[in-house]
Each structure stands twice: as C-alpha cells, then as structure tokens.
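Just so you know, all these numbers are worked out from the coordinates, no wet-lab data involved. Just so we're clear, the structure is a prediction, and the values are computed from it rather than from any experiment. Positions of Cβ are backbone-derived with ideal geometry, glycine not excepted, and every protein chain shown enters the neighbour counts.
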Amino acid sequence: MNWSLLFDSYVNVFTSVQVIGMTLLGALGGILLGAVPGMTATMGVALLIPFSFGMDLISSIGLLLGIYCGGMYGGSISAILIHAPGTPSAAATLLDGYPMCQKGQAGRALSIAMFSSFCGGVLGALVMTFLSPLVAQMAMKFTSAEMLMLAFFGLSVIVSISGKSIAKGLIAAFFGLLLATVGQDPTYGAKRFIFGFRPLLSGFSFIPTLIGLFAIAEVIAGVERIISGEEKQQKSEEKITNVLPDLKTIGKIWPNIISGGLIGTFIGAIPGAGGDIAVFVSYGFNKSSSKHPELWGTGIPNGVAATESANNGCSGGAMIPLLSLGVPGDAVTAVLLGAFIMKGIQPGPMMYVNELPTVYRVFATLMLANLAMLLVGCAGVRFFAKIVSVEKKMLYPIILVVSLLGAFSINKSIFDVGVCVLFGVVGYLMNKFEFPLSPILLALILGPMCEQNFVRFVDVNNGNFWEILHRPIAVGFFVVSVATILFSIYNQRKINKREAANRKQ
Amino acid sequence: MKKTQTKAFANLICSLLLLIFEVWAYVETTGFRVHKRAFVQPATFPQIMICGMFIFTVILFLQSLLKVTRGMKPEDPDNELSPSINPFTHRGVAAAMFVVVLCVLYTYLFDKLGYVLDSACISIIIMYLIGKRDLKVIIPISIIVPLIMWFVFYKLLTVNIPMGVLQPLRELVDKL
C-alpha cells in the first residue's frame, strides 16, 4: 500500500470543487430516483452516462457513484414512508422501517436509515481500499457450487422472516421459487407455465412484482381500511430536532451497522450477488443473533440499521471485483465498467500496476459519495418525514399512479403494469390471511440464481450432485444455512410461546 | 364465535385451495419438453418447488384441521376472527375489489387514454370513493401529479410514456 499516494489522492478528490459538486449532484439525483418505486440506481447511472462524456474521469465517477450511493439510501425512503421499496435493495428495510413509521417515528427511521447507509458505505469503502485484492481473490473462488449454496444460505433466512407461522413463510417461499420458473427455462429454452401467452416468455419482471406485492397491495388494503373506518390518519407530531440519530440510539445499533456493513461488502464482492440478497442475509443474521428476536419486525431501529448498512456496504463490495479483476459485482458496476472503458481505462489486475493513482482516487471518490449522500440526506430528512402527514385519502391514489408508472418504465411494457396489478391482488390476499410477503421476494431474487447454478453444477459433474461435498466453501455455506434454519426455528418457537403466555395473562 | 369464522378455519380452506393449485401445477410440469441428454430436465426444478410447497401445505392443513376439530385454547392466535373477503357483507372489501377492477381497467386503457388522463381519472374516482369530496382539491391534484411524473420521466429520464389522446401535449413540449 502506497500511503503517501493514497493520502494525495484523498486530498486531490476532497479539494476538487468539480468532483465535490458532481458527487453532490449525483447523490441528490440518486436519492430522488431511488425514492420513486421502480426507478433503480442502475437506471440512474445508465441514464447519466452520456452526461459524463465531457467530464474528466474522477468527476464522472463521482457523479455516477453519487447516484449509486444515493439510490441505495433513496430506496428506503419510500419503503419506510409508504410501504413501497423504491429499489429491490430496500425491500428488507420495510420490515421494521414501516412499522416505525406507523408508530409515528418516520423521521427517526429515516435518520437511522441514512446514518446506517453512510456507515455501511464507509465500511465498504474502507474494505475496498485496504483489502480489495484479497477479497477479490476469495470471491473468484465462487463457482456454480458455491453460488448454489450461497443462494441456499440466502433462502435459509426465510425462516427468520416468516413471522408467526414458519409453514406459511415456507409455502410463500416455495411459491416465489415456483413463480421464478415461469417463462423460458434458462438452460434449454423450454417453455414453462406460459399457456401460449408470449409476454410470459421472459417470466415475471422482478420490479413490477415487487411494486405490486408491496405498494399496490398496501393501496388496496388502505382503501379497505378507510371505508371500514379502521384507518387512522397519521400526523407527523414527531419533532425532528436532530437529523442524525442520538448517541443512545447509535449505542444500540452499532453492532448491527458493523455486521450489516461487512455482510453487504462481502456479498457485494461476489459477482452476481448484490444488495437485494445482502439485506435479507444481514436481517436474518442480526435477528438470529439478537437477544430479543421477538421485537424484530415490530418497528425497531436495529432492523433498519442492519438492512441499510448492508445495502450501502454492497457499493464498496461491488467495486472490489470491478477494479481488481475487471468483473462487475452488480448491474450498477457493469454500467460503471462502461464508463471506465469510455475514458480509456480498462479495470482489472493491471489497473493496480498502471493506474494506481486512478484506483486510489476512485477509492476516495466512493468515500466522498457516501459523505455526499449523508449531507443531502440530512438536508432532506425533515422534508421526507412530512410525507406521512399528507392525508391518506389523497396519498393512496398518488402512490397508485406513481407505482404503476414505475412498473411501466422498467421495460416500457403495459404487460408489466398488469403484472403489478396482479401481484397487488396476490399481496393483498396474502396479507389478509397472514402469509408473509418477504419470502416471495427473496425467492424471486434467489430462484433463478439457485436453478441456474444447480443445473450448471449437475451438468458439469455428469449428474453427480454429491460432488458438492468436495467443495469446502459450499459445504461451509450449507452448514451455516442449516444452523441458521435450526436456530431461527428455535427462536420462532420461543417467540410464539412468549406471545402465547402474554396473551394468557 | 363459530368455528367456521376462526383463522384456523380460514387456514384450512387456504391450504385446501393451495393443494388443488399444487396438483394442477405438477400436472402442468409433466407437459414440459424433455431433453434426452440433460441431467436436469426443465421440469425438475419446478417439480422440486411444488413438492416443497406441498409438504408445508400439508403441514398447515393438518395443523388447521386439528385446531378446528379438537378445539383451540382461547389464547391461540388462530382462534381469532378471520378476516372477511365477502364484498356483500363488508363495505371495505367491496371498495377494495372496486379498486382492483379500476386497476384492471386502468391497465386496459393505459395505451388508449395515455398515462396522464388514465391516471387522473383513476385518482379522481378513488379519492371520491374514499371520502375526499372537495372537487376543487382532487381534480387539480389528480391532474398535476401525473403531469409532473410524465414530464420527469419523459424529459429528464427519457422514458417514453404513452400519452394517448393527449399526444399534442407531447408535441408541444417537444417544440418548446
């Protein structure tokens, strides 16, 4: 590590007005984009690439990383306030964020999300700075066997997010995995559950499904509650004196932030696995290791901190294979790879030899992007928190039309609007009969990854699945997954018994 | 409270419906193309998932059946009143179903009416339905919000959104 060059790079980046300006602009755009259901950081980065043509490399990377980090946090705003995750990475934030909002703590939830996002992002950036070649080497050992077991590990979290009934959670998860098989089979192109309907060939798009399950289902349920007289108008009586969480709260959530940030960084570094998986793994891990797992999902700051630090930790993690190996860790870094190539720089091992000052400046820019996200987020917390005060009778139709537009904008397809409505109804009915929605979401994310790697591994090993026992990392993941499942079942039984005893009293 | 009104009974009915769905889905998978040289057939993964779903549905079915037939402790959460989905007895459910019908109509008319007009119509109807009766407020908001969203998506994010009968508005914006 060339410390003086690293220091010079930080000074260079943190004193450049243009880089700071572009990064702040990117963070603002990212937060606003991320807050709109359906608009993702990937879309924002892709849209702004042409605008970065005329800029120097670091300014353009600052703009794009600003959008990336801002978008990651922005997704949590709508998840917390309106039960509609703006981005897939914010899907787990609503598990505790939305109940906090319902308790009248929207501002607190937002400030915890912002602070945790910042800390997770900084942790990711630090790991990227000091350990990137090491982490990249480890991530590259992941073949189909390890990816399959990583997916299984992700799925093992389902037990801990299933709520009261594990059976219902697992039914929902298998249903989600089944939904993920709709369309053409990824290996042989065989049509599955198409029924002659051509738009179904590519399966159900993830984001319209996500918007339907959460946002549209919430609108339908909200209308029912208003007509039945069960809906209470929330008034933002919460006084937000500090836009950052107080020291007492930070004292409670710091273990979740650190573990979330590290989980996010590690999962982000594995090509093909991103923030959407990391947030659930982090949530499951932190819930399982909590002294009070029964409080998770009822609106506690730890739940928000665990997920938000994980998704921003991913930003640093995903940059590791990009810079060290030239392999993008997720969709956003794939677009960033294009930006590097456009500027005549080829990321990869040789970049550390030929372009070390640029590598260090990219590290510094990621740190700056996280700081920019914090600054813009601080300025916006009070404003965002006011959204809950908008009369629900006006808010629900607005959420509906904005969400349906978000669903349309992904593929510019009216079919996706239909998918969104269909899953809105599915989500409404599932909520009504207490089937948890998050397992479906996790299954939709991990289903294709699970199937593709399962088929690939079995094919490569001539049909011998048990060859997986010779892969130590895969076996390690399997053991951890089984332990997670057993521990979560034990925890859930304990929670159910305690709740039954409380009810008896 | 009758047994048929409890959550346990609702779970029983849900699990029965799910079992029917699983049998149907499994039968569907038997019609998928077979590749002679493949170790894992296109139907294998969905069939594993259906089997997994089947096992836990049977567990839910048996749990609910035992609760309904043997009776439940008063503190059992499944002994509570089940939510209704009957639109004829519950006005809230009827309103929710009406919103679903509106959403289906919205999807059908999205291309024909265009996003702005379609969204304005559905917003006005839903706001009116759920008790916001001040037309001076609901009409401008229902028009302005979709219009702003269209402008942001069309001009700033370059996403082409159907404008339907308001196509001249797009041409006007393009000219300006």
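Taking 8 Å as the Cα distance limit and 6 or more residues as the minimum spacing, I'd like the relative contact order of chain A as a percentage. 28 percent. When a/c reaches 1.5 or more, the comparison of a/b and b/c decides; with that in mind, is segment A:387-505 rounded, prolate or oblate per its Cα gyration tensor? Verdict is oblate for segment A:387-505.
What do you get for trypsin sites (Lys or Arg not before Pro) in segment A:398-505 restricted to DSSP loop and a cutoff of at most 14 other Cβ within 10 Å of the site's Cβ?
Those satisfying the criteria are A:LYS412.
Remark: segment A:100-117, residue by residue, has Karplus-estimated 3J(HN,Hα) of 5, 4, 5, 7, x, 10, 4, x, 5, 4, 5, 5, 5, 4, 5, 5, 5, 4 Hz, where x stands for each Gly or Pro and the curve is 6.51 cos²θ - 1.76 cosθ + 1.60 at θ = phi - 60°.
In a fully extended conformation the segment linking A:GLN346 and A:TRP254 would gain 29.4 nm over its present Cα-Cα distance, using 0.36 nm per residue. Quick check: net charge around A:ASP96, other residues with Cβ under 11 Å of its Cβ, Lys/Arg +1 and Asp/Glu -1? Residues near A:ASP96 contribute +1 overall. I'd like the FRET efficiency for B:LEU17 and A:ILE194, computed as 1/(1 + (r/R0)^6) with the beta carbon distance as r and R0 of 30 Å, rounded to 0.05. Efficiency, from the Cβ-Cβ distance: 0.85. Label-to-label distance, A:LYS497 versus B:CYS51, with points set 7 angstrom from Cα along the beta-carbon direction: 3.3 nm. Between B:THR6 and B:SER82, the built amide H atoms are under 5 Å apart, and every one of these is 5 or more places off in sequence or on another chain.
Each peptide in B:102-110, A:261-269 gets a packing score, the mean of other Cβ atoms within 10 Å over its residues, and the list from highest to lowest is A:261-269, B:102-110. For the peptide B:108-120, the mean number of other protein chain Cβ atoms found within 10 angstrom of a residue's Cβ is 2. The mean number of Cβ atoms from other chains found within 10 Å of a Cβ in peptide A:403-409 is 5, as a whole number.
Give the calculated FRET efficiency between A:VAL390 and A:SER4 to the nearest 0.05, with a Förster radius of 35 Å applied to their Cβ-Cβ distance. The calculated FRET efficiency here is 0.10.
Report note on the peptides A:24-33, B:122-131: ranked by the mean count of other C-beta atoms within 10 Å, highest first, their order is A:24-33, B:122-131. Each residue of segment A:185-201 was assigned a 3J(HN,Hα) from its phi angle through the Karplus curve 6.51 cos²θ - 1.76 cosθ + 1.60 (θ = phi - 60°); the sequence is 5, x, 9, 10, x, 5, 7, 10, 6, 8, 6, x, 9, 4, x, 7, 4 Hz, with glycine and proline shown as x.
Between the Cα long axis of helix B:44-70 and the first principal axis of chain B there is an angle of about 70°, rounded to the nearest 10.
Could you tally the net charge around B:VAL68, taking each other residue with its Cβ under 15 Å from the Cβ of B:VAL68, Lys/Arg +1 and Asp/Glu -1?
Its environment carries a net charge of +3.
Modelled spin-label separation between A:ASP459 and B:VAL104, with each label point placed 7 Å from Cα along the Cα-to-Cβ direction: 4.0 nm. Each of B:ILE143, A:ILE166, A:ILE341 was scored by other Cβ atoms within 10 Å of its Cβ. Arranged with the fewest first, they read A:ILE341, B:ILE143, A:ILE166. For each pair in A:LYS103/A:LYS248; A:LYS168/B:LYS3; A:LYS287/B:LYS67; A:LYS103/A:LYS432, compute the distance between the two Cα atoms and list the pairs where it is over 28 Å. Listed pairs above 28 Å: A:LYS287/B:LYS67. Nearest 10 degrees is fine. How inclined is helix B:91-113 to the longest principal axis of chain B, computing both from alpha carbons? Here the helix axis deviates by roughly 50 degrees.
Need one value for B:152-161: mean number of C-beta atoms belonging to other chains within 10 Å of its residues' C-beta atoms. Could the numbers behind the result be given before it?
Details: counts 5, 7, 0, 0, 4, 8, 2, 9, 2, 4.
Counting other chains' Cβ atoms within 10 Å and averaging over B:152-161 gives 4.
When the listed pairs A:LYS252/A:LYS386; A:LYS412/B:LYS175; A:LYS412/B:LYS112; A:LYS386/B:LYS155 are checked against a 21 Å cut-off, the alpha-carbon distance exceeds it for A:LYS252/A:LYS386; A:LYS412/B:LYS175; A:LYS386/B:LYS155. Rounded to whole numbers, the Karplus 3J(HN,Hα) couplings from phi for segment B:116-126 are 5, 5, 4, 5, 4, 5, 5, 5, 4, 4, 5 Hz, using 6.51 cos²θ - 1.76 cosθ + 1.60 with θ = phi - 60°, and x at Gly and Pro. Reported to the nearest whole Å, the Cα centre-to-centre distance from segment A:131-210 to segment B:21-99 is 19. Take every Cα pair under 8 Å whose residues are at least 6 apart in sequence, average their separation, divide by the length of segment A:280-404, and the relative contact order is 13 percent.
With a Förster radius of 41 Å applied to the C-beta separation of B:VAL165 and A:ALA331, the computed FRET efficiency comes to 0.70.
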